[in-house]
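Asks: Questions regarding the structure given below will be posed in turn.
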Amino acid sequence: MMKNEISQIDENSIIDTVPKSNAERFLSAFNNIDYTIKTRYNMNRSTGFSEAVRRAVAFNFIIRKYEDDLISFGRLRNAIVHDNGDVIIAEPHLEVVEKIEKIERLLTTPPNALEVVARRDVLSVHCAKSMREVIKLIASSSYSNIPVFNDDNEIIGIANGQKILDSFGKYLLAGGKAEVFLDGVKIEDMLSKIEKSNYYAFANKEITVEQALSLFHKNSKLLAILITTNGGAKEKPLGIMTGSDVLRMNQILENY
């Protein structure tokens, strides 16, 4: 072969096919988790891993769920490498490596809630509709949480089947007539009397499954999360998640 016929090899095209050891895979995942936690929650890089995990538990569902595992991984990391952090002196089991890599994926590339959980066909109702119309809509659609919007296309609340039933019952107990409630009361009237308990929330389109679960975990009264482009009440709903989606969210994270 002539010298000028020798092709040049692009260094970027060379693929490293040497498989990583269990220890190398573990340390790579551990370092990514350590970096993610400390940068996401504005912690000093010198903060110990276990302390960082314990502090982040209040903010992150995944860290809260795997807190004990992460603390154990911190101790295991110190057993795997020599004091200077450069020399590997032990190999973790494959099951341990796969578990820490799973947690790494959940923290660094979490699944997007709008893509994998939220219902996209968001049914809504105008605030001037009567209770009869809203109840019929809930019954015919099988959706128990329907966003209510006003003349400015702003979401002002959620028409929830259970809350409507409670309001109807209290109305009857107070001596009110069913027909008056059904035809004379508007959904906006009922919403104005609901205790301000933050029973719904807004989130932007980037919300992750973990973040959605954290919202439901922190607020036991939360019925629904409405997803809009920027998380604003005056934006068109792109998707909706309800308490009934929590089990599915957990399953998604478990199998991620």
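Bear in mind these aren't lab numbers, they're just calculated from the coordinates by the rules spelled out. Everything numeric in this text was worked out from a predicted model, so none of it was measured. Every residue, glycine among them, receives a Cβ derived from its backbone with ideal geometry; neighbour counts consider all protein chains shown.
Asks: Filter K136/K205; K129/K163; K65/K205 down to the pairs with a C-alpha to C-alpha distance above 28 Å, please.
Replies: K136/K205
Asks: For helix 131-141, what angle does its Cα long axis make with the longest principal axis of the chain, in degrees from 0 to 90 and rounded to 10?
Replies: Roughly 40 degrees between the two axes.
Asks: Can you compute the radius of gyration and Dmax for the stretch 125-256, using only the Cα atoms, both in Å?
Replies: 15.9, 53
Asks: Here is a follow-up. Calculate how steeply helix 94-108 sits against the longest principal axis of the alpha-carbon atoms of the chain, using the helix alpha-carbon long axis, and give the answer as 0 to 90 degrees to the nearest 10.
Replies: 50
Asks: Taking all pairs of different Cα atoms in the chain, averaging 1/r and flipping that mean, what Kirkwood radius in angstroms comes out?
Replies: When all Cα pairs of the chain are included, the Kirkwood radius is 22.1 Å.
Asks: Moving on to the next point. Order of Y200, Y41 from fewest to most other C-beta atoms within 10 Å?
Replies: Going from sparsest to densest Cβ surroundings: Y41, Y200.
Asks: I've got another one for you. Can you pull out the trypsin sites (Lys or Arg not before Pro) in the stretch 85-128 whose DSSP state is coil and whose Cβ has at most 16 other Cβ atoms within 10 Å?
Replies: R120
Asks: Scanning the chain for GluC sites (Glu not before Pro) in DSSP loops with at most 13 other Cβ atoms within 10 Å, what's the longest stretch left with none?
Replies: In short, 1-153.
Asks: Something else now. So if we plug the beta-carbon distance of V180 and E115 into 1/(1 + (r/R0)^6) with R0 = 35 Å, what FRET efficiency do we get, rounded to 0.05?
Replies: According to the calculation, E is roughly 0.20.
Asks: Further question: Given +1 on the Cβ of Lys and Arg, -1 on the Cβ of Asp and Glu, and no further charges, what dipole in debye does the chain carry about its Cα centre, rounded to the nearest 20? If you can, show how the numbers build up before the last one.
Replies: Numbers: 32 positive and 34 negative charges, 209 e Å.
Approximately 1000 debye in magnitude.
Asks: Another question, then. With unit charges on the beta carbon (Lys/Arg positive, Asp/Glu negative), name the residue among S214, A159, F181 whose Cα is farthest towards the positive pole of the charge dipole of the chain.
Replies: F181
Asks: What is the angle, in °, between the Cα long axis of helix 161-173 and the longest principal axis of the Cα atoms in the chain? Nearest 10 is fine, range 0 to 90.
Replies: Between helix and principal axis, roughly 30 degrees.
Asks: Among residues other than T242 whose Cβ falls under 15 Å from its Cβ, what is the net charge (Lys/Arg +1, Asp/Glu -1)?
Replies: Within the 15 Å Cβ shell, the charges total +3.
Asks: Could you list the trypsin sites (Lys or Arg not before Pro) in the stretch 12-78 that lie in coil according to DSSP, counting only those with at most 12 other Cβ atoms within 10 Å of their Cβ?
Replies: Sparse-neighbourhood loop trypsin sites (Lys or Arg not before Pro): K20, R45.
Asks: Right, here's the next one. Using DSSP to define loop residues, name the trypsin sites (Lys or Arg not before Pro) in the stretch 177-256 whose beta-carbon has at most 14 other beta-carbon atoms within 10 Å.
Replies: Numbers: sites: K177, K186, K193, K196, K205, K218, K221, K234, R248; in loops: K177, K193, K196, K205, K221, K234.
Counting only loop positions with at most 14 other Cβ atoms within 10 Å, the trypsin sites (Lys or Arg not before Pro) in the stretch 177-256 are K177, K193, K196, K221, K234.
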